[in-house]
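Encoded as structure tokens, the structure appears first; notes follow it.
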Amino acid sequence: QVQLVESGGGLVQAGGSLRLSCAASGPTIRSYSMGWFRQAPGKERDFVAAIWWNGGSTYYADSVKGRFTISRAIAKTTVYLQMNSLKPEDTAVYYCAASGSGNLVNRDSYDYWGQGTQVTVSS
């Protein structure tokens, strides 16, 4: 069983920065690719960013490209999402997820999910 716990969410002004962390545990966690998704009120849970299991490739939604950076600790037990130049439209609950296989842009490819952390960006 893989367990994921997000942290680092909060309230920030537009243009500010925030770093989300995802603490991961489980016997096979190092073989999983990791992703971040977000869900705003009344909307679907959308892809934000992902990193390949070996850390060799990263992927970003067009809406966050150039502003957000996903990274993984060398031990692969913590995944980060550095968010810069935040906009009010970034306001959402952000979820960390682990994928054993599949297209990392597709939320159905993820096997495990954290409980989410709220990010609110004020104008």
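Would you mind telling me which numbered condition in (1) open to solvent by less than 50 Å² (accessible area, probe 1.4 Å); (2) within 20 Å of L11 (Cα to Cα) Y80 fails?
(1)
For D90, work out the one condition from (1) open to solvent by less than 30 Å² (accessible area, probe 1.4 Å); (2) touching a residue at least 60 places away in the same chain (Cβ under 8 Å) it doesn't fulfil.
The one condition D90 does not meet is (2).
Looking at Q13 and the list (1) in contact (Cβ under 8 Å) with a residue 60 or more places away in the chain; (2) more than 15 Å from Y80 (Cα to Cα); (3) open to solvent by less than 40 Å² (accessible area, probe 1.4 Å), which single condition is not satisfied?
(3)
Among all residue pairs at least 6 apart or on different chains, which show Cβ distances below 6 Å where the first residue, located in region 101-123, is in contact (Cβ under 8 Å) with a residue 24 or more places away in the chain and within 19 Å of G15 (Cα to Cα) and the second is of a type in the set (A, V, I, L, M, F, W, C) and buried (at least 17 other Cβ atoms within 10 Å of the Cβ)?
Hits for this filter: Q118/V93; V121/V12; V121/L86.
Strands (runs of 3 or more DSSP E) wholly in region 18-74 with at least 2 residues that are under 10 Å from the mean Cα position of the chain (by Cα) and surrounded by 14 or more Cβ atoms within 10 Å (Cβ to Cβ) - which ones?
Because the criterion is at least 2 residues that are under 10 Å from the mean Cα position of the chain (by Cα) and surrounded by 14 or more Cβ atoms within 10 Å (Cβ to Cβ), the strands (runs of 3 or more DSSP E) in region 18-74 that meet it are 18-25, 33-39, 45-51, 68-72.
Which residues, taken from region 75-94, are assigned to a strand (DSSP E or B) and closer than 17 Å to V121 by Cβ?
L81, Q82, M83, A92, V93, Y94
The values are calculated or read from the model by the stated rules, or taken from the named source; none is laboratory data. Keep in mind it's a predicted model, so treat the numbers as computed, not measured. Note that each Cβ is placed from the backbone with ideal geometry, even for glycine, and that neighbours are counted across all protein chains shown. Remember, those area values only see protein heavy atoms, side chains included, never the ligands or the DNA or RNA. Shrake-Rupley method; radii C 1.70, N 1.55, O 1.52, S 1.80 Å.
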